[in-house]
1. Which condition number does Y179 fail, the rest of (1) more than 30 Å from A33 (Cβ to Cβ); (2) outside any helix (DSSP H, G or I) being met?
2. Within the group Q57, Q91, which residue is touching a residue at least 60 places away in the same chain (Cβ under 8 Å), in the same structural domain as A140 (by TED's automatic domain parsing) and either in a helix (DSSP H, G or I) or small (G, A, S) (or both)?
3. Could you tell me whether the stretch 153-169 includes any residue that is closer than 30 Å to E40 by Cα, away from the ligand (no atom under 15 Å from the Cβ) and in a helix (DSSP H, G or I)?
4. Filter the stretch 5-16 for residues that are buried (at least 16 other Cβ atoms within 10 Å of the Cβ) and charged (D, E, K, R); which is farthest from I232 (Cα to Cα)?
5. Filter the stretch 184-220 down to residues that are in contact (Cβ under 8 Å) with a residue 12 or more places away in the chain and more than 42 Å from the chain's Cα centre (by Cα), then give me how many there are.
Amino acid sequence: MLVKVKLLEELQSIDLKIDGRQAEKDLLLKQMADLEREVEESRLALDTLREELAALQAQKEVNEQTLAVEGDNIVRSEARLHDIKTQKEYQAVLKEVSTAKKVQTELEEQILKNIEEAELLQGRVAEGELKLATLNGNIALRKEEVQAELDKLEAVIAGDQSQRAVTTAGLTPPLINRYQMLREKRQGIAVVEARDGSCLGCNMHIPPQMYNNLYKGLELIVCPHCQRMLFIRAAEPAA
Ligand SMILES: [Zn+2]
């Protein structure tokens, strides 16, 4: 029985190592995902800016076309002035021309505003492009680093796994199952040391008779409070 407890203890220590490395791996993968999301967000922001710029330029073109039409109208109206017979009609055409000129001025102001806004947006687009290019450069470097770290971790985990296989070969399947179930229920820790009369898994006191049996090593002792499998470090004499 002592041997089996020793093996269980070994298995627990290997599994904790694997858990730790797996957590490192998960952290690296999460870092990668965060970086990729950052790139994606800045790509989307850049797309939005480009769309705004395109909409603004389209608006400016419409304004310019309308301005040209207004200009043509004014020329036509002014030409008509020569052929007009009545004062009333003359006044009406003059009013038309003055209204059209007012519209022209407004359109010219609009176009100037469009140009200013487009310049601002172009600046922001350029900034966004630079940011994205920098991020892409950084992520490429970081990806290589992370991949190298991941490869290293994989190799170490593979080593741990083969050590684990050797250890579990000495244990019966029911015992391994019990160990696994306990690990799932008890935050990954199924086998713990008992010291100074207590279980170090839950820090609860172990009845003296049970504690003495631990030294005898004739049977597998589980903590009556947390059900973890217990072992003791050294063959100290029973108290
Ligand atoms: Zn316990």
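The values are calculated or read from the model by the stated rules, or taken from the named source; none is laboratory data. The shown structure was predicted, so the numbers you read here are calculated from the model rather than taken from an experiment. Note that we place each Cβ from the backbone using ideal geometry, even for glycine, and neighbour counts take in every protein chain shown.
1. Only one criterion is unmet by Y179, namely (2).
2. Working: Q91 fails: touching a residue at least 60 places away in the same chain (Cβ under 8 Å).
After ruling out the rest, the residue left standing is Q57.
3. The first filter runs over the stretch 153-169 and keeps only residues closer than 30 Å to E40 by Cα, leaving 153-154.
Still in the running and away from the ligand (no atom under 15 Å from the Cβ): 153-154.
Now restrict to residues that are in a helix (DSSP H, G or I): 153-154.
Checked against the condition, which is being closer than 30 Å to E40 by Cα, away from the ligand (no atom under 15 Å from the Cβ) and in a helix (DSSP H, G or I), the stretch 153-169 yields at least one hit.
4. Filtering the stretch 5-16 for residues that are buried (at least 16 other Cβ atoms within 10 Å of the Cβ) and charged (D, E, K, R), the one farthest from I232 (Cα to Cα) comes out as D15.
5. Qualifying residue count for the region: 14.
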